[in-house]
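Student: This structure is in structure tokens; I'll ask about it shortly.
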Amino acid sequence: MTPIPWNERPGLCGPCGGECCRTRPGAEAPERFLAAADPAAALGAALASGDWVLAEHVGLPWVDGRPPPPEETRRILHYPRPATVAERGRGKAAPGGEPSPCVFLDPHGCRLAFEERPRMCQALEPAGDGECIASWDRRSAALAWLPWQGLVAEAAARATPRRSTGSDRARAAGQAFTARAMRGTPRRARRRSSAVSGESPPRRPRDRRPR
Ligand code: SF4
């Protein structure tokens, strides 16, 4: 992937205050994560940190003026980008832009060095009239991540706390049933039952009143 040369325009972005950084952070290319020994783990760790989220692109983009096959026009493609502060709290990307700053934005601008920023942020060409254009945009991100959707799904699964399984639920239901049954069991029988199950009998709370 060809590196994007430094193209900051503080004279334009300063007065604007970074409208893009305050509403919708730029998309990242796969290479940042593919460079890691375990790309799914690297992306999973980024997502788990809360500083990155998976954004959605609906439909396979057109390529060379040709539309995608009909069955691909509603396909959801995921790609990573930095979270906004609001998204970090929710742990989920907002469907569109929202008035919340990128987690990497501080009062003096982007905290990341130019070469560490997402590719779309690097590719943004600021314009005085506010009509800034990125030569590598969300459409580019959807196409770049298209072959890596399996890796993205694996990373998302690694970043998500383990969901309860059927056996977890059965175990929890069994424990709840045992607890209910124990509440209706005489004390002596309860001790025996605990000895059989190997669990300690429930203790009464200590009386902490002054004597
Ligand atoms: S990573 Fe930096 S340049 Fe990109 S949106 Fe966030 S603050 Fe702006």
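Student: With a cap of 15 neighbouring Cβ atoms within 10 Å, and only residues DSSP puts in a loop, list the chymotrypsin sites (Phe, Trp or Tyr not before Pro) found in segment 55-138.
Tutor: TRP62
Student: Moving to a separate point now. In whole percent, what relative contact order does segment 17-138 give with Cα contacts below 8 Å and a gap of six or more residues?
Tutor: 31 percent
Student: Once the Cα gyration tensor of segment 10-159 is diagonalised, what are the square roots of 5 times its eigenvalues, in whole Å and ordered largest first, as equivalent ellipsoid semi-axes?
Tutor: Equivalent-ellipsoid dimensions as semi-axes: 24, 20, 14 Å.
Student: If you filter segment 41-145 for GluC sites (Glu not before Pro), then keep DSSP loop positions with at most 16 other Cβ within 10 Å, what is left?
Tutor: GLU131
None of the figures in this text is laboratory data; all of them are computed from the coordinates on show. Worth saying up front: this structure is predicted, and the values here are computed from it rather than measured. Ideal geometry is used to build each Cβ from the backbone, glycine not excepted, and the neighbour counts take in all protein chains shown.
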